[in-house]
Amino acid sequence: MVDCVIRNWEGEEVGQTTLELKVAKEENASHIVHRALVRQQAAARQGTASTKTRSEVRGGGRKPWRQKGTGRARAGSIRSPLWRGGGVIFGPKPRDYSVKMNRKERRLALRTAFQSRAEDIVVVEEFVTQLPRPKTKDLTDALARWGVSPEAKVLLVLPEKQENVYLSGRNVAKIRICLADSLNVYDVLAADKIVTTANALAKIQEVYGD
């Protein structure tokens, strides 16, 4: 169990909450999180890279010169992989890079990764009413008041879709916005700071806390 301070829009401490998730054992934690990360990155690969073998390259049907008597090395096709313009040996072909991982393991890895970032989690009060219209400067100023460096990569976790918050943060390169029920291991680990509302934190524990 981890205690977290709740801050208001002005950055003042106004309360406390707890983060308690069922995580992997210490000796297995890094292994299972690594597996989940590799699985996510592998699943993002298109797997459409393709090269042509000697049988697929256009041309090369005629023997370039006779077998014997020329003094040159014997050759059967101008599309041999040894020749410029020939086929490719063992080149990539379309394939599926996905890695299997059980659902329980994936959820355990996500809970473990999220709780491991406890020191970098900033919990704030609901602030959607503070943004009556999309305003990027208001959001970045609030992040600064919450102790987030302007250079830091931020994962902003919301309990539900909030249009003005999304529009205020979407054009800031280092801010990534996601919903509490759509977390993923890569975003959790890649962020320097994780900013979440108290409601979003409660939803995370409700959705993933089994």
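Based on this model, can you work out whether D138 counts as at pLDDT below 95, open to solvent by 50 Å² or more (accessible area, probe 1.4 Å), closer than 23 Å to V5 by Cβ and assigned to a helix (DSSP H, G or I)? Quick ask: steps written out before the conclusion?
On the way: at pLDDT below 95: yes; open to solvent by 50 Å² or more (accessible area, probe 1.4 Å): yes; closer than 23 Å to V5 by Cβ: yes; assigned to a helix (DSSP H, G or I): yes.
Criteria met by D138.
Cβ-Cβ distances below 8 Å connect no pair with a first residue in region 188-201 that is modelled with pLDDT under 90, a second residue that is assigned to a strand (DSSP E or B), and a separation of six or more residues or different chains.
Condition check ((1) open to solvent by 70 Å² or more (accessible area, probe 1.4 Å); (2) at pLDDT 95 or above) across all residues:
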site	(1), (2)
S80	no, yes
K93	yes, yes
R117	no, no
V122	no, no
E125	yes, no
R133	yes, no
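G87 falls short on exactly one of the conditions (1) assigned by the TED database to the domain that holds G147; (2) in a loop (DSSP other than H, G, I, E, B), and that condition is (1).
Going residue by residue through region 2-17, is there one that turns out to be in the same structural domain as A118 (by the TED database), modelled with pLDDT of 90 or more and touching a Ser or Thr at 6+ places or on another chain (Cβ under 8 Å)? Yes, there is a match, as at least one residue in region 2-17 is in the same structural domain as A118 (by the TED database), modelled with pLDDT of 90 or more and touching a Ser or Thr at 6+ places or on another chain (Cβ under 8 Å). Kindly list, by first and then second residue, each pair from a residue in region 42-53 that is exposed (fewer than 11 other Cβ atoms within 10 Å of the Cβ) to a residue that is modelled with pLDDT of 95 or more, limited to pairs with Cβ atoms under 8 Å and residues at least 6 apart or on different chains. Pairs found: T48/P94. Does region 75-97 hold any residues that are of a type outside the set (S, T, Y) and under 36 Å from the mean Cα position of the chain (by Cα), and which are they? Residues satisfying the conditions are G87, V88, I89, F90, G91, P92, K93, P94, R95, D96.
Is region 182-196 home to any residue that is closer than 30 Å to K104 by Cβ and acidic (D, E)?
Going through region 182-196, the residues closer than 30 Å to K104 by Cβ turn out to be 182-196.
Pick out the ones that are also acidic (D, E) and you get 187, 192.
Scanning region 182-196 turns up at least one residue that is closer than 30 Å to K104 by Cβ and acidic (D, E).
When V88 is tested against (1) at pLDDT below 95; (2) hydrophobic (A, V, I, L, M, F, W, C); (3) touching a Lys or Arg at 6+ places or on another chain (Cβ under 9 Å), only condition (1) is not met.
The values are calculated or read from the model by the stated rules, or taken from the named source; none is laboratory data. What you see is a predicted model; the values in this text were computed from it and never measured. Cβ sites come from the backbone with ideal geometry, for glycine too, and all protein chains shown count toward neighbours. SASA here: full protein model, heavy atoms, side chains in, ligands and nucleic acids out. Shrake-Rupley method; radii C 1.70, N 1.55, O 1.52, S 1.80 Å.
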